[in-house]
Amino acid sequence: MGEKAYKEALGFQTRAVHIGNEPDKDTGAIKRPITMANSYELPYDPSVLNWSGADKNLYTRNGGSNQQYLQEKIASLEGGEDCVVLASGVAALSGLFFALLQSGDHVVFSSVTYIAVYRLLNELLNNKFGVETTIADTSDLEAVKKAIKPNTKLIHIETPGNPTLSIADIEAIAGIAQEHGILLSVDNTFASPYNQRPIEFGADFSVESLTKYINGHGDAMGGSIVGKKKYLDIIRTQSQINLGGTISPFNAWLIMRGAVTLPLRMKQHNENALKVARYLETVQGVRFVAYPGLESHPGHETAKRQMHPGYGGVLSFGLKADHDTHNKFVSYLKIITSAVSLGDDESLIAFLGENDERQYLYPKEFHEGFFRFSVGIEDAEDIIEDLRQAFYKTGLKQ
């Protein structure tokens, strides 16, 4: 068995620990060191070099050692051929769009997406560069088919969707895309490659905000794109080297460290979120709960087919209460922190009010304000008790 085949045959947890990490040849350290240099020694005749190349260490904007180690690990975890790691999740998304789209192209994208995607596709690329876009409910296959045009170049979906936890059928949409010669990209941040690997379902690209679950400690930013090398080379040259969206060596090192425990943390996130979602469904003062692991979720059967072994750590829920009561509820929480982001070790909650500009795209139950809740890896009983005492202090029926 060759080296590549041997590595591919390793289990997910083993690959999370070992891929991209080998003893350092200079020091013998069993963990890769942080290489903070912004420049590398040139060969005897540097005139033969491509100064915008990324095939060898030259200048850290072109790629550095810590970035390369992390790219190897993420590609392995996602089950893809190649990977580009950039400075943030948004850098990865914009880098993908910038490198692969041009004026006159058309993009179909999910009606429920991260705010930066909505901005990039609905406004910036559309208005500045003449990239035509159509918003579609990608949980509805017929809506996806109807949105396709002769000039459609890319379908971009997010599943589970942020913040409503909508579910799109990756394999079915990949089939539609392939039938029409269209590329498919999937934002996999809410699931992580532990629960879902879009490449295995036929997607051309899997995009992650490494800031979230893969790092998992709330202390570093990064983003990744995984796919075929022929496309990744374009993205690497145009969006990393020429736009300068390079990740810092320190952040790459931190995310490399965090990724080792991804499987262990995701197991806990999955278990905790399902317990919390089931508890919230029993609370009379809760208006709705959205979590794909619940049988009541409209996308549950699709999620069960493409997400394994769990459904991630993010859920959304709303209260049978007015705007101010939602804020009071958060103020009573003790271990759950009011903050943006998700995928951290600690539980984070954010109140999204009634004035979100994308609200017209959300299901009706989300129109009266709701919480996006990233369930952490604390003891589930403590998380539930924290919610319970906040319900009590707020005066909501349990």
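Only the coordinates and a few stated rules stand behind these numbers; no lab work does. Fair warning: this is a prediction, and the values are worked out from it, not measured in the lab. So basically every Cβ, Gly included, is an ideal-geometry build from the backbone, and we count neighbours across all protein chains shown.
The Rg/Rh ratio for region 225-376, using Cα coordinates for both the radius of gyration and the Kirkwood hydrodynamic radius, is 1.04.
Tell me, what is the percent relative contact order of region 262-394, built from C-alpha pairs under 8 Å that lie six or more residues apart?
In percent, rounded to a whole number, it is 29.
Toward the positive end of the charge dipole of region 84-149, with +1 on the Cβ of Lys and Arg and -1 on the Cβ of Asp and Glu, the farthest Cα among THR113, ILE148, ALA92 is that of ALA92.
Taking every DSSP bridge with both residues inside the chain, close to 55 percent are antiparallel. At q = 0.25, 0.26 Å⁻¹, what log₁₀ I(q)/I(0) does region 265-339 have when each alpha carbon counts as one equal point scatterer in the Debye sum? The calculated log intensity ratios at q = 0.25, 0.26 Å⁻¹ are -1.21, -1.25.
Could you work out [θ]222 nm for the chain from helices alone, using -39500 (n - 2.57) per DSSP H run of at least four and dividing by all its residues? Round to the nearest 500 deg cm²/dmol.
When only DSSP H runs of four or more count, the value is -10000 deg cm²/dmol.
Of the residues GLN13, ILE34, TYR44, the one whose Cα sits farthest toward the positive end of the charge dipole of region 2-56, with +1 on the Cβ of Lys and Arg and -1 on the Cβ of Asp and Glu, is GLN13. Between VAL330 and ASN126, the simple spin-label model (points 7 angstrom out along Cα→Cβ) gives 2.8 nm. Taking max minus min of the alpha-carbon positions on each principal axis, region 45-140 gives extents of 52, 32, 20 Å, largest first.
Compute the FRET efficiency between LYS397 and GLU200 as 1/(1 + (r/R0)^6), taking r as their Cβ-Cβ distance and R0 = 45 Å, and round to the nearest 0.05.
Numbers: r = 44 Å, r/R0 = 0.98.
Calculated value: 0.55.
Under a Gaussian network description of the chain, with springs only between Cα atoms under 10 Å, the residue in ASN272, ASN50, ASN126 that fluctuates furthest is ASN50.
Considering the options LEU184, ILE135, GLN240, tell which one lies farthest towards the positive end of the dipole of the chain, charges being +1 on Lys and Arg and -1 on Asp and Glu at the Cβ, about the Cα centre. My answer, from the dipole projection, is GLN240. Note on the chain: with a GNM built from Cα contacts shorter than 10 Å, the maximum mean-square fluctuation among PHE97, PHE370, PHE250 falls on PHE250. The lysine pair tally for region 262-394, using Cα distances under 15 Å and a gap of 8 or more places or different chains, is 6. Here, P(r) means the percent of Cα pairs in each 20 Å bin from 0 to the largest distance; for the chain it is 28, 56, 16, 1.
Label positions at LEU243 and GLU22, each projected 7 Å from the Cα along the C-beta direction, are separated by 3.2 nm. With both labels modelled 7 Å from their Cα along Cα-to-Cβ, the LYS304 to PHE12 distance reads 1.9 nm.
Compared with the dominant Cα axis of the chain, that is its longest principal axis, helix 380-394 is turned about 50°. Counting only alpha carbon atoms, the long axis of helix 65-78 and the longest principal axis of the chain meet at about 50°. Between helix 249-259 and the chain there is an angle of about 50 degrees, using the helix long axis and the longest principal axis of the Cα atoms. All Cα-Cα separations within region 80-183 were binned at 10 Å from zero, giving a P(r) of 15, 48, 35, 2, each value a whole percent of the pairs.
This model, with +1 at the C-beta of Lys and Arg and -1 at the C-beta of Asp and Glu, gives the chain a dipole about its Cα centre of some 120 debye.
Can you check what the net charge comes to around SER76, using other residues whose Cβ is under 14 Å from the Cβ of SER76 (Lys, Arg +1; Asp, Glu -1)? Could the numbers behind the result be given before it?
Numbers: positive: LYS4, LYS7, ARG15, LYS73, ARG197; negative: GLU3, GLU8, GLU22, GLU72, GLU78, GLU81, ASP82, GLU200, GLU208.
Local charge sum for SER76: -4.
Among the GluC sites (Glu not before Pro) within region 75-164, not one is in coil by DSSP while having at most 11 neighbouring Cβ atoms inside 10 Å. Working from Cα pairs under 8 Å separated by at least six residues, relative contact order for the chain is 16 percent.
Net length available on complete extension from GLN359 to ASN50 is 106.5 nm, with 0.36 nm assigned per residue and the Cα-Cα distance removed.
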